[in-house]
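Let me begin by presenting the structure, written as structure tokens, before commenting on it.
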Amino acid sequence: MTAQTQATRAATIDVDAAFDRYEAVRHRLPRAHFPFASRRARDLAEIAEDFDVFILDAFGVLNVGERAIPGAVARIAALREAGKRLFVATNAASYPRGVALAKYRALGFDFTAEEVVSSRDVAAAGLASFAGIDLWAVAGGPEPDLSDLTGRTEDLEADASLLERAEGFLLLSSASWTPAKQEALVAALAARPRPLLVGNPDLVAPRETGLTLEPGWWAHDIADRTGIDPVFFGKPYANVFAAVRARCPGFERLRVAMVGDTLHTDILGGRAAGCAGVLVAEHGLFAGRDTAAYIARSGIVPDIVCRTT
Ligand SMILES: [Mg+2]
């Protein structure tokens, strides 16, 4: 059995299986050039002078689950005090951006709505730009709030007839997605190919119970099995960095760091967008592991590896 079919039958997978799958879908990820070696630093304070703008991933940089990473709130406040431009670029697409912002605020961060760039917002804009599609079926988790999406959208998981009726599909959340739903969608798209948009390109997300499979995982499986080329919104793709650039005057002339815990989304995407890649190693996907081994295997080399935020 391949890793892929195994994982569509399991609720969670481990970091090495996730890493292998990221490598297997590299042909659908952006290309980038990387430095020969990474500089090591303790935290973002140590590298602050080198950058004007910090684009921050959320999970693994600001928070782990429902708690802020120790020292992160003070570090972000100090960067702001020092005049740095700050953005949060998150692939969390299960909820409208306001929910994410409220969460960061509850953890003690002072980000403004303008500073939070979510892949969901980028996907919503992408959806609006698809002409001639009158009905989208959306996988958005249990009882999804689709009010921020323009056009006619319906909950795919609440009505199986959408597999036939919908003219396009949008994967935002896999919180209530199942292998059975996946098989039904693959069969429907194999029988009649239609556009597939993905609002969260992540393959996995770390939770208390292990790694869960995210919309990107299911979308690559659909692509492998139907030949459909999904349209991904969020890191590592250029559209999310374009959204940051649109909110940051002078972006091209500024020294920009993309700070994250994941090689194939944060570091690859940041480098492809012309940013420096800063890996925070201690809290996220590679917590407790030797990041050097994963860097060597993927060739995705961060400019800087920080222990913590
Ligand atoms: Mg992360």
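The values are calculated or read from the model by the stated rules, or taken from the named source; none is laboratory data. This structure is a prediction, so every number in the text was calculated from the model and none was measured. As a convention, Cβ positions derive from the backbone with ideal geometry for all residues, glycine included, and neighbour counts pool all protein chains shown.
Within region 39-81, if we keep just the residues that are closer than 27 Å to G250 by Cβ and of a type in the set (G, A, S), the residue that is nearest to the ligand (Cβ to nearest atom) turns out to be A58. Note on region 185-209: among residues that are in contact with a Leu (Cβ under 6 Å, 6 or more places away or on another chain) and aliphatic (A, V, I, L, M), the one that is surrounded by the most Cβ atoms within 10 Å (Cβ to Cβ) is V198. I'd like to check something: does region 282-303 contain any residue that is at positive phi and in contact (Cβ under 8 Å) with a residue 60 or more places away in the chain? Among the residues of region 282-303, at least one is at positive phi and in contact (Cβ under 8 Å) with a residue 60 or more places away in the chain, which makes the answer yes.
For region 99-116, the set of residues classified as over 17 Å from the mean Cα position of the chain (by Cα), small (G, A, S) and assigned to a helix (DSSP H, G or I) consists of A102, A106, A113, listed by residue number. Filtered by the rule that a residue be over 18 Å from the mean Cα position of the chain (by Cα) and under 18 Å from P230 (Cβ atoms), region 167-181 gives E167, G168, F169, K181. The strands (runs of 3 or more DSSP E) located wholly in region 203-309 that include 3 or more residues which are over 12 Å from the mean Cα position of the chain (by Cα) and farther than 23 Å from R39 by Cβ occupy 210-213. Of all residues in region 82-111, exactly one satisfies the criterion of being of a type in the set (S, T, Y) and either more than 16 Å from the ligand (Cβ to nearest atom) or not assigned by TED's automatic domain parsing to the domain that holds V240 (or both), namely Y95.
Applying the set (1) over 20 Å from S119 (Cβ atoms); (2) at pLDDT 95 or above; (3) in contact with a helix residue (DSSP H, G or I) (Cβ under 9 Å, 6 or more places away or on another chain) to E167 leaves exactly one unmet item: (3). Residue under question is R31, and the condition is that it be part of a loop (DSSP other than H, G, I, E, B), at negative phi, modelled with pLDDT of 95 or more and not assigned by TED's automatic domain parsing to the domain that holds L263; does it hold? It is true that R31 is part of a loop (DSSP other than H, G, I, E, B), at negative phi, modelled with pLDDT of 95 or more and not assigned by TED's automatic domain parsing to the domain that holds L263.
Residues in region 132-159 that are at pLDDT below 95 and within 15 Å of R194 (Cα to Cα): G132, I133, D134.
Just wondering, is there one or more residues in region 214-226 that are among the charged types (D, E, K, R), in contact with a strand residue (DSSP E or B) (Cβ under 6 Å, 6 or more places away or on another chain), assigned by TED's automatic domain parsing to the domain that holds A188 and within 16 Å of the ligand (Cβ to nearest atom)? Yes. Is there a residue being in a loop (DSSP other than H, G, I, E, B) and of a type in the set (D, E) anywhere in region 78-97? For region 78-97, residues in a loop (DSSP other than H, G, I, E, B) and of a type in the set (D, E): absent. Screening region 249-280 for residues that are more than 12 Å from the ligand (Cβ to nearest atom) and touching a Lys or Arg at 6+ places or on another chain (Cβ under 7 Å) and picking the one that is nearest to D303 (Cα to Cα) gives G277.
Look at F233 and say whether it is farther than 21 Å from A17 by Cα, modelled with pLDDT of 95 or more and among the aromatic types (F, W, Y). Yes.
Consider region 117-143. How many of its residues are within 19 Å of the chain's Cα centre (by Cα) and surrounded by fewer than 22 Cβ atoms within 10 Å (Cβ to Cβ)?
4
Take the residues in region 281-309 that are more than 18 Å from F54 (Cβ to Cβ), of a type in the set (A, V, I, L, M) and surrounded by fewer than 24 Cβ atoms within 10 Å (Cβ to Cβ), then tell me which one is farthest from the ligand (Cβ to nearest atom). Residue satisfying both the conditions and the ranking: A296.
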